[in-house]
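Input: a single structure, listed below in structure tokens.
What follows draws every value from the coordinates through simple rules; no lab data is involved. Not measured: the values here are computed from a predicted model. We place every Cβ from the backbone using ideal geometry, glycine too, and count neighbours over all the protein chains shown.
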Amino acid sequence: SQPREGSAVVSLDGSIYVFGGLVNGERTSGVLLLDCRYHTWHQVTPMRVARASATAQVVNGKIYVLGGCKDRRSADWGEVFDPKTQTWAALTVSEPMPDEEDPDTRPRMSLIHGSVVIEDKIYVIDFWNRTFFYSLS
């Protein structure tokens, strides 16, 4: 298997994880792992939700995958993967930062530009330049 268009990618413990992306134009929940020591690909437990154009971050040994949902306002906007147990858990979104010029400040989860980890939060910027975060505490 090869990485897909619109995948989210992180590295952890000598491996590269590839989350979701597009297969024949459709979002996938598939997860691939490239073992960099042996240069071999493996399939990993799939995500709960199919995603493309998501973002991913590693925090405290767990991998957070945010956005990329088909429904722009999906309640399934994010999930966290524990590589030790090979399990996924759902996340709940925080309120987005207010935008005084636009009363509809709810985040749109379909297309994500990127994310950063600052202190105990993962900040995410979507395609419409809306910022929201997931608090790790």
### Query
In region 11-48, what chymotrypsin sites (Phe, Trp or Tyr not before Pro) fall in a loop by DSSP, with at most 14 other Cβ atoms inside 10 Å?
38
### Task
Compute the length gained on full extension between residue 87 and residue 43: take 0.36 nm times their separation in residues and subtract their Cα-Cα distance, giving the result in nm to one decimal.
14.5 nm
### Message
Applying a 10 Å radius around every beta-carbon, put 4-13, 125-134, 61-70, 80-89 in order of their mean neighbour count, most first.
### Response
61-70, 125-134, 4-13, 80-89
#### Entry: Förster-model FRET efficiency, 25 Å R0, residue 119 and residue 13, C-beta, rounded to 0.05
0.60
